[in-house]
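Take a look at the structure below.
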C-alpha cells in the first residue's frame, strides 16, 4: 500500500474511538450507486438498526451525511423559526453549542446552566420551561465535555406539558447506553458514528418524531438549510428514494456493519461492558491521584472525566498526553473550555470498552509517573 | 467478510464513479484522532493537493465534512447576508439549486436561465450583473444535469467590475479538467469527491479567496450555519488546528490517496484521457441513435448527455437502465427535471475515463438492442 505509514493508535479520547476491523473492511468494498436497489437495501437495514438503538419507531430515522455537529444543527433548524423561543440546558460545551446554533437560527434562547461536572437542575429547567413556554427544549443526554449523564424523562415530560418539542443530544450515548426516544417523548435526536458505534466520524444518525415532521412541514419560513431540510431529506430517506444529495456510500457500508456488530452483542451486554470498563478505570486512576469529576450516580460509563492532581495541571498534563501518544500510541482527551488543563477525558467507547485497554493505559501511566 | 455480498458495478452515471482500489485500501486503515499530529500531516497534504487541483493558493482550501451540496451551501451562506443581491446562472438543476439555496439564506436572487443543454449567454449574464450590481455572482462550471461546460473568465471579470464576489460550482470538473480559480478570479468554489477524484461521496473540497474570507469576517449577521461558518472552520483547517467538529478521518485518508493518484498521473494526461474516452463514447453511441445533447464546443468530457431515440423515451429508457444494472452491472444516469425520460447521462469520470469502459457499455447495449 502506498502513502504514509499508519501506526496503530489506542484511541481513548472523547472520540473518535477505534473502528472495528469489520467496519474498516466494509468501507473498503467497491461502491454501489446511491440509487442502486442493492444499496437501498443496505440503507433500509441501517435505518432499521438505528431505530432499534434510538428506541424509536420514527420512520424519519436516518444517517445524516455530515458529522454530529451537523446533526445538532439539523434538529434545531428544522424545528425552530426566527423568533421562536427555546430553553437550552447548558451543562458543558455541547449544551453551549446548542445554544449558539439556536441563536444563529434566530431563536430566542433561554439558557439554564449547571456547574461543570454536574447535571442540570431539574427544578431550574422545569421552572424555565413553565415560565417561557417555549417552542422547543434542548439538552444533552451524554455531555462529552464533562462526562455527565442527564436524566431525561422528567425534563421531556415538563416540555410536553407546555406543548414544546424536545431535542436531545445523544452523540456519545448511542450504542453505549440504552436509549428510549419514544418512551421518553423525544422529538428530535442526533448522534455521531465515531463514539460507541466504533465507526469513523462522518455521519450523524438522527431521528425525528411525527410531531417534529409535522412541525417542519407546517413552518411559515422554509428551513434555512437546504442540505438539512427534513422535508427534502424525507424524499430520499423515506419510501420514495428520490435524489436529494449523493449519500456517502462507503461510510454507510461501514455503519451497516457497525450496527450488525452491536446487534450481535446486544445492548444489554454492551452496556454492561461499558460500565465494567469504566469502573475499572476509575479505580485504577486513583493510584495517580486522578479523581472523577462527576458524582457516581451521574457518571457516563463511556466517557470518564478525571481531575488531575496539582503536579499534572497546566503545561504538565499536555506534556504527559503527548508522551502517551508519541511513545505508547495511546490518545486521551484534554479538558475543554474552563476545564482545559484541569481534567482529562478518557473514553472507553464501543469496541474500546474493555479491561485490557484500561490495563494498557494504567501500565503506560505507571511507567511514565512511577 | 460478513455482511451482504457486494457485486461489482461499473458506475457510468453522473457520480459516484468507481473508487480506485488504492483509495478503498487507504480508507480501511486504522484511525488517528482528529488532533493527532500524524493525522494533521495528512490533512496538510490534502489541503495542499486540493490547492493544486483548484489552481489556487487560497490558504482556506479544505475538505468540508459533508457532500457537494453542503459545499454549495457553505459558499453561499458565508458570503451572503439576508437582503443581499445575487445573480445566479441557471443552466440546469444545479444552477437552480444554487438559486434555491441563496433564497433560503434570504438573498434577493436574479436568475439568468439558459435552454437545457446550452451554456448561459454571456451577454445576458453580464447585462444582469451590470444592472443588479450584486454582492455575488454564482454559476456552474460543469453542469451535471446536462453536461455543459460554462466558460468562466468573462463572467468572473464582469462580476469583479461591479465589486461582486464569484461563486463557482466545480463538483464535476475538479480533477477532470484544469481549474484556475486564482487566474479566473473565483472567490468561492466547491466540489465533490465522488466524481473525477474517484473517491467515495462524503466530502466537499472547497476554496475561499482572501476577499471571501474578509467578507465572511466583516458580516453584520453571523453565518446562519455554525457547521459551515468559515470563520470557525478556519480555526481547525487553518494553522491553529483547534477543535471545531470531528473531521471524517477515514474519508480524508481516502482523499489523500486519491489526490496522490491524480498527482502521479498529472492533470495534462488526465484531462486528455477524459477527452479521449468521451470522444469514443459519443462516436459509439451513434450506432444506437443516441445523439449528444450539447454542442461539441461546450461538451464536458467527463459527463455526456445523450438524447435517446424515440423508441427508448419514457418508460423504455428506465427498463433498459435497469436491465443494464441488473444484468450487466453497469449504471448509467437518467435525465433530471424536464429532461427525465428524454436523455441519459453517461459519466466517464476519473478512473472510469477509459476506452475499455466505453467498450463494455457499447457491447452491453449492442446485446440488449441488437
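GNM on chain B, alpha-carbon springs under 10 angstrom: the most fluctuating residue among B:21, B:292, B:30 is B:30.
Restricting the calculation to alpha carbons of the range A:36-131 gives Rg and Dmax of 16.7, 51 angstrom. Beta bridges per DSSP, both residues in the protein assembly as shown: antiparallel share near 50 percent. What whole-number distance in Å separates the alpha-carbon centres of the range B:287-336 and the range A:12-30? Cα centres, the range B:287-336 to the range A:12-30: 38 Å.
With its label point defined 7 Å out from Cα along the Cα-to-Cβ axis, residue B:265 lies at 4.1 nm from the matching points of the other copies, in increasing order.
Placing a label point 7 Å from the Cα of residue A:122 along the Cα-to-Cβ direction, the distances to the matching points in the other copies come to 7.1 nm, shortest first.
Most simply put, the range A:21-262 has about 35% antiparallel DSSP beta bridges, counting only bridges with both residues inside it.
Sorting B:184, B:328 from the fewest to the most surrounding beta carbons within 10 angstrom yields B:328, B:184. Counting only DSSP H runs of at least 4 residues, each contributing -39500 (n - 2.57), and dividing by the residue count of chain B, the helix-based mean residue ellipticity at 222 nm comes to -12500 deg cm²/dmol. Each part reduced to its alpha carbon centroid, the range A:99-119 and the range A:239-281 end up 29 Å apart. The C-alpha atoms of the range A:21-262 occupy a region whose extents along the principal axes are 54, 39, 28 Å, arranged from largest to smallest. Ordering B:323, B:260 by the number of other Cβ atoms within 10 Å of each residue's own Cβ, fewest first, gives B:323, B:260. This ranking places B:250, A:225, A:218 by how few other beta-carbon atoms lie within 10 Å of each, fewest first, which gives A:218, A:225, B:250. Between the C-alpha center of the range A:142-174 and that of the range A:339-369 there is a gap of 27 Å.
Please work out whether the range A:155-242 counts as rounded, prolate or oblate from its C-alpha gyration tensor, where a ≥ b ≥ c are the square roots of the eigenvalues and a/c under 1.5 means rounded, while otherwise a/b larger than b/c means prolate and anything else oblate? The shape class here is oblate.
Full extension of the chain between residue A:210 and residue A:338 yields a length gain of 42.2 nm, computed as 0.36 nm times the residue separation minus the alpha carbon distance.
Bear in mind that the values in this text are calculations on the coordinates, not laboratory data. No experiment lies behind these values; they were computed from the predicted model shown. Because the Cβ atoms are built from the backbone with ideal geometry, glycine has one as well, and the counts that use them run over all protein chains shown.
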